[in-house]
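Shown next, in structure tokens, is the structure this report addresses.
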């Protein structure tokens, strides 16, 4: 949330503004409180839209219909003024991050059980929206807010009011005036056809695919927005990584023809009836707690100004010096203060003192209500930690209480530096690199010598056949021992960094810890499973950094080095396997021997590049983990 600018109003209707939550094509959204203390989100319409009579008419119609939508999985419309100089609408404030923030910035793709629960909530929300005679038209991750009770859909029906501003006859001409969001539009929206409820079903499939895989089913707009729209309208979605019923459900929703998509009634039957229990990973639950704290820390702007002025007066006109925040003095007037200024019988938890800041709750009226609220908050915190540490972690975030470890579970060992393994590992990789360069020149020399004879003759006819064969076999034996040593050190180092990643992000690393070493030796599986583990290790170690997501414009973790190294490694592995199938000196003709040598030469070139990137990968990942252990990042 950003502070109010000098040009922002302090009041809209009967709501005092606390800060700016965001800004979109329709206007600005503010965090506000009503005169009775309820926290709301107020969306103020831009003046250029307010000047359009068609927009005002449609806006009023949509708000009237939106009031009829139930509040279980949506943000309820509480108040509005469509006749004001700048129309506005107030909705219930949802104290939670958007799905885009959870997936692209804070957590990554959600597990399958969370995606299925997400589908349940979104289907119910769309059912309520369609039941009120509305079509969302702009269902996307940033319009889906995540709460402990399930998802909440916002901004439903607003896009239809914007239609009037882009119509050819009398509509506003604005750059980028597209009804919908690139990557989450339906084929009907792309083609400019009539939009029905089936369009929301298509967008639902795109949102679920994004939540499950972390990527858009039709790619990004990096190659141009028109290319993206063409893929949406004509090409099949990329659902790699999905399987089973979830894949079938999403694939059905993404059908090009609206008539071939399932109805909301069908989807309701395919999803679970209600969202029960803890449906989110522990890290996301912790993020919800942080959002609640941000809401509680939102002060009245006038109170902030008065406090600042008082601080300046007490310090001779200078800004008050920064100090450690002290506990609040009697946060509930009707409750007797205990030690430290907190109410009697309660102490602050890991997210601060249990406070009724969720979903517009009111303050406890007395000690009995406050005690009940504190007990409910403690139960929520315990569920959060148990979900965050399913393997038995007893403590998590700073100041967290310890909870019993389930029988048979052991807490993951603390993170330890992998430098003692990484240094010999990359040194041996460097030795492999030198060997591959030498082997490259040996094979080039042999191939050049064999080229002096006719291709139909056996290589044994060459006068230096025995010496060339001996040299090749020496290189093969030498390379075998070097690679065996590199494999042994590599798997130990990989196992260590995988265990460290588990300590950084409990429960978020795919496959058991032993698979970090064993999966390299499983045929076929070693072509993709170690990469999945490496992705998880890299993401858990390296928090979101400089590169920005095109969609949310928020930082995300780069994987360029990891992807480049793995691609070259797989190519080298396959080429080496084919080249070792039959050595050049075992061929019956010089032509066949030259083919084997050419394959080996190309494998060596690829191996050199793969070894260089592997060395960089080992050094960089080890360094990042050391910095994470020392607390410099993360």
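Here, each number is a calculation from the coordinates, and none is a lab measurement. It should be emphasised that the depicted structure is a prediction, and the values quoted were computed from it without experimental measurement. Cβ sites come from the backbone with ideal geometry, for glycine too, and all protein chains shown count toward neighbours.
Points worth noting:
- Tensor-based shape of the range 455-505 (alpha-carbon gyration tensor, a/c under 1.5 rounded, otherwise prolate or oblate): prolate
- The range 11-283: C-alpha gyration tensor shape, a/c 1.5 cut-off, then a/b vs b/c: oblate
- Shape of the range 10-151, Cα gyration tensor, a/c cut at 1.5: prolate
- If R0 equals 56 Å, the separation of the Cβ atoms of residue 227 and residue 437 corresponds to a calculated FRET efficiency of about 0.85.
- Here the extension length gained between residue 430 and residue 51 equals 129.6 nm, from 0.36 nm per residue of separation less the Cα-Cα distance.
- Take the Cβ atoms of residue 481 and residue 240, set R0 to 30 Å, and the FRET efficiency comes out at 0.20.
- Burial ordering of 602, 55, fewest other beta-carbon atoms within 10 Å first: 602, 55
- Full extension of the segment from residue 247 to residue 220, taken as 0.36 nm per residue of separation minus the current Cα-Cα distance, would add 7.7 nm.
- Euclidean distance of C-alpha centroids, the range 579-634 and the range 7-30, integer Å: 57 Å
- Fully extended contour minus Cα-Cα distance, from residue 467 to residue 578, at 0.36 nm per residue: 37.5 nm
- Per-residue Cβ neighbour counts within 10 Å put 260, 52 in the sequence 260, 52, beginning with the fewest.
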